[in-house]
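> Questions regarding the structure given below will be posed in turn.
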């Protein structure tokens with residue numbers, strides 16, 4: 001059976017050269033970077049190299065502004081809580097968008113229980129944050145603005161530079177979550193005006209177990225992990241040396257290959273979306289069309305009259321790995337908060353899957369995915385009472401309304417006795 | 001990679017990949033369509049009933065793998081039962097026959113039970129005499 005990995009938003013395989021670079025740091029150069037003997041000094045040098053590689057990837061002013069954590073979630077927790085606690089005498093208000101990653105939303109919700117407050121800026125139907133809405137949300141108590149560079153779910157590229165200008169003008173710390181963009185889009189923290197920025201190397205062919213937080217001197221943070229004075233006292237704990245070394249190299253390679261990777265994935269993204277929309281009826285792309293407002297790697301799709309987990313399972317049975325934001329996939333039985341925030345009809349959110357491309361996908365694979373997905377949609381529609389009811393004019397399509405029948409959501413609410421979400 | 005890594009157990013996967021009794025019954029004696037308020041899934045079961053006995057049962061489902069498998073299994077289990085027996089049907093039978101469902105997916109089996117009961121109710125409305133049908137109860 002074919003094996004097509006289309007879930008690069010979740011993670012990526014480690015590059016062979018990255019794996020090779022990590023190997024000596026398990027048994028040969030096994031030292032602890034805090035040790036003062038040659039074993040410690042050797043790995044300390046290795047950490048310094050990685051810090052430079054990460055600083056270069058995002059054009060940081062200094063490698064000293066790069067902090068290593070265990071993953072993206074730890075980075076965003078440190079950024080949000082670290083800034084909040086460091087500035088609590090100055091103010092207690094945080095501005096974020098309603099489509100931030102759960103690690104940021106949950107960190108802010110945690111802080112709200114400690115007396116902080118927040119304002120969630122709304123997004124438009126394609127997930128865009130308006131800089132003026134961020135400005136309008138600010139109060140004299142605002143100490144932090146959190147915005148993502150690219151949405152982790154629907155791929156929208158945000159106007160971070162304009163938001164950074166507002167933050168600088170007001171003297172408020174600006175944190176950019178670049179988890180979904182690092183390694184796939186050029187990042188320049190200086191032109192963005194970011195005081196903090198986080199990303200995860202395992203999203204661009206580095207290993208898991210290491211996260212990066214950039215923080216410049218203009219933003220004060222306090223440590224969330226207490227103990228030794230690793231990472232300038234900002235993050236206690238022994239560094240994961242092999243992972244950091246590998247991740248640094250992955251960052252360097254990502255920077256070198258950035259334009260090639262963007263061009264390659266953009267070509268495949270167009271081929272995939274064009275193939276699907278030509279061959280599958282009643283399919284919708286969530287987020288902006290491929291182009292300057294959308295990251296080149298992802299397609300977030302809603303296929304009408306069928307449910308997302310079933311699509312995911314049938315893709316998997318055909319060797320195609322995808323993700324879904326359907327309520328059936330989530331443990332809370334709720335649709336993705338991003339799909340809810342863009343006001344997507346519940347039936348369409350239910351029929352959601354996410355395909356995310358990588359540097360090793362090929363045009364041939366994309367053609368196989370299109371061909372297979374056509375069969376999957378047909379098969380699930382054949383089993384769906386909604387498809388049948390649409391054919392008979394009982395319910396209508398949201399994507400291409402015919403003017404016959406009631407809406408899917410009204411129908412679902414009628415038979416379940418309750419409106420869904 | 002091994003193909004043994006699947007989201008559900010083999011029985012559930014089999015009923016999802018090879019659903020039994022999928023479709024509609026033309027001129028069915030009872031049809032039930034229900035929606036799950038929790039997740040938004042929709043299930044429809046249609047029945048052919050003769051002499052108080054379920055001769056045929058078909059389903060159509062808009063929902064996840066376990067919802068499709070639950071409706072497939074439910075239709076398999078109730079075929080051949082009397083209306084009175086079917087009225088006692090419980091979602092636990094579906095869960096057991098499927099070899100278990102993840103806790104968050106138990107509601108899919110409840111939906112199958114509800115769709116079946118809705119179909120039986122529809123039948124009872126059309127055939128009020130069926131509830132007092134001695135043969136159906138004792139068969």
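Any read-out appearing in this document is the output of simple, stated calculations on the displayed coordinates, not a laboratory observation. On a predicted model such as this, the values are computed, not experimentally measured, just so you know. Counting neighbours? That spans all protein chains shown, and the Cβs are built from the backbone with ideal geometry, glycine included.
> Sorted from fewest to most neighbouring beta carbons within 10 Å, what does the list A:283, A:354 look like?
Working: A:283 19, A:354 24.
Sorted ascending by nearby Cβ count, the order is A:283, A:354.
> Name the shape class, rounded, prolate or oblate, that the alpha-carbon gyration tensor gives for region A:1-71, where a ≥ b ≥ c are the square roots of its eigenvalues, rounded holds for a/c under 1.5, and otherwise prolate holds if a/b is larger than b/c and oblate otherwise. Can you show the working numbers first?
Values: a/c = 2.92, a/b = 1.49, b/c = 1.96.
Oblate is the answer for region A:1-71, as a/c is 1.5 or above yet b/c matches or exceeds a/b.
> In addition: What angle, in degrees between 0 and 90 and rounded to the nearest 10, separates the Cα long axis of helix A:241-279 from the longest principal axis of the Cα atoms of chain A?
Roughly 20 degrees, rounded to the nearest 10.
> At R0 = 45 Å, how high is the FRET efficiency between residue B:90 and residue A:399 if r is their beta carbon distance? Nearest 0.05 is fine.
Numbers: r = 39 Å, r/R0 = 0.86.
It comes out at approximately 0.70.
> So, one more: Quick one: check the C-alpha center-to-center distance for region A:118-162 versus region A:309-371, whole angstrom.
Cα centroid to Cα centroid, the span is 25 Å.
> Could you tell me, in Å, what Rg and Dmax come out for the Cα atoms of the protein assembly as shown?
Rg and Dmax of the protein assembly as shown, Cα atoms, are 27.1, 92 Å.
> Could you work out the relative contact order of region A:16-254, using alpha carbon pairs under 8 angstrom and six or more residues apart, expressed as a whole percent?
Values: 490 pairs, mean separation 65.4, N = 239.
Averaging sequence separation for qualifying contacts and normalising by length gives 27 percent for region A:16-254.
> Something else now. Give the angle, between 0 and 90 degrees and rounded to the nearest 10, that separates the Cα long axis of helix A:102-112 from the longest principal axis of the Cα atoms of chain A.
Helix A:102-112 sits at roughly 70 degrees to that axis.
> Could the peptides A:257-270, A:157-170, A:88-101 be put in order, highest first, of the mean number of other beta-carbon atoms found within 10 Å of their residues? Write down the numbers at each step before the final one.
Details: A:257-270: 17.1, A:157-170: 18.8, A:88-101: 21.0.
The peptides rank, most packed first, as A:88-101, A:157-170, A:257-270.
> Moving to a separate point now. How high is the relative contact order of chain B? Use alpha-carbon pairs under 8 Å, at least six apart in sequence, and give a whole percent.
Details: 250 pairs, mean separation 39.4, N = 139.
Relative contact order here is 28 percent.
> Which order do peptides A:115-127, A:369-381, A:240-252 fall in by mean Cβ count within 10 Å, highest first?
Numbers: A:115-127: 17.4, A:369-381: 19.2, A:240-252: 25.7.
Those peptides, ordered most packed to least, come out A:240-252, A:369-381, A:115-127.
> Return the percentage of antiparallel bridges among DSSP beta bridges fully within region A:16-254, rounded to the nearest 5 %.
Antiparallel: roughly 35 percent of the beta bridges in region A:16-254.
> Hey, another quick one. Report the full-extension gain for the segment residue A:35 to residue A:330: residue separation times 0.36 nm, less the Cα-Cα distance, to one decimal in nm. Mind dumping the intermediate values first?
Numbers: separation 295, 0.36 × 295 = 106.20 nm, distance 4.45 nm.
Stretched out fully, the residue A:35 to residue A:330 stretch lengthens by 101.8 nm.
> A further question follows. Let me confirm one metric for peptide A:320-328, namely the mean number of other chain beta-carbon atoms within 10 Å of its residues' beta-carbons.
On the way: counts 0, 1, 0, 0, 1, 0, 5, 6, 13.
The mean count of partner-chain Cβ atoms within 10 Å per residue comes to 3.
> Moving on. Neighbouring Cβ atoms within 10 Å as the yardstick, rank A:45, A:316 fewest first. The partial results should precede the final answer.
On the way: A:45 12, A:316 16.
Listing A:45, A:316 from fewest to most nearby Cβ atoms yields A:45, A:316.
> Right, here's the next one. Once the Cα gyration tensor of region A:87-213 is found, what semi-axes does its equivalent ellipsoid get, as square roots of 5 times the eigenvalues, in whole Å, sorted largest first?
Details: eigenvalues 104, 54, 41 Å².
Semi-axes (√(5λ), whole Å): 23, 16, 14.
> In terms of the Cα gyration tensor, with a ≥ b ≥ c the square roots of its eigenvalues, is region A:258-416 rounded because a/c is under 1.5, prolate because a/b exceeds b/c, or oblate? The partial results should precede the final answer.
Working: a/c = 1.85, a/b = 1.69, b/c = 1.10.
Prolate, since a/c reaches 1.5 and a/b exceeds b/c.
> If I model a spin label at residue A:45 and residue A:218 as a point 7 Å from the Cα along the Cα→Cβ vector, what separation in nanometres do I get?
Label at residue A:45, label at residue A:218, 3.6 nm between them.
> On to the next question. Under the 0.36 nm per residue contour assumption, what length would be gained going from the current alpha-carbon distance of residue A:1 and residue A:138 to full extension? Don't jump to the answer; show the numbers that get you there.
Details: separation 137, 0.36 × 137 = 49.32 nm, distance 5.39 nm.
This chain segment gains 43.9 nm when fully extended.
> Using only the alpha carbons of region B:24-128, what is the convex hull's orientation-averaged projected area in square nanometres?
Working: hull surface 23.7 nm².
Answer in nm², one decimal: 5.9.
> Let me ask another. Quick one: compute a quarter of the convex hull surface over the Cα atoms of region A:16-254 and quote it in nm². Could the numbers behind the result be given before it?
Details: hull surface 49.1 nm².
Taking the Cα atoms of region A:16-254, their convex hull projects to 12.3 nm² on average.
> Using a simple spin-label model with points 7 Å from Cα along the Cα→Cβ vector, what separation in nm is obtained for residue A:407 and residue B:26?
Each label point is offset 7 Å from its Cα along the Cβ direction, giving 3.6 nm.
> Which order results if B:22, A:383, A:355 are arranged by neighbouring Cβ count within 10 Å, fewest first? Spell out each step's value before the answer.
Values: B:22 16, A:383 23, A:355 28.
Exposure proxy ranking, most exposed first: B:22, A:383, A:355.
> Then there's this: Take peptide A:330-337, look around each residue's Cβ out to 10 angstrom, count Cβ atoms belonging to other protein chains, and average those counts. Mind showing how you got there, number by number?
Working: counts 2, 3, 3, 9, 2, 2, 0, 0.
For peptide A:330-337, the averaged partner shielding equals 3.
> Now, a different point. Assuming R0 = 45 Å, can you tell me the calculated FRET efficiency for the pair residue A:162 and residue A:279, based on Cβ-Cβ distance, to the nearest 0.05?
0.70
> Could you give the Stokes-Einstein D for region A:128-188 in µm² per second, using the C-alpha Kirkwood radius, 20 °C, 1.002 mPa s? All intermediate terms of the calculation are to be shown ahead of the outcome.
Working: Rh = 12.0 Å.
Here the translational diffusion coefficient equals 178 µm²/s.
> Output the 0 to 90 degree angle, nearest 10, between the alpha-carbon long axis of helix A:308-317 and the longest principal axis computed from the alpha carbons of chain A.
Helix A:308-317 sits at roughly 80 degrees to that axis.
> At q = 0.16 Å⁻¹, what log₁₀ I(q)/I(0) does a Debye calculation on the Cα points of region A:242-317 give, no solvent, two decimals?
Debye intensities relative to I(0), on a log10 scale: -0.76.
> Next question, about the same structure. Under a plain spin-label model, where a point goes 7 Å from the Cα along Cα-to-Cβ, how far apart in nm are residue A:19 and residue A:368?
2.0 nm
> Give me the percent relative contact order of chain A, please, defined on Cα pairs under 8 angstrom at least 6 residues apart. List each step's numbers first, then the result.
Working: 864 pairs, mean separation 80.7, N = 421.
Computed value for chain A: 19 percent relative contact order.
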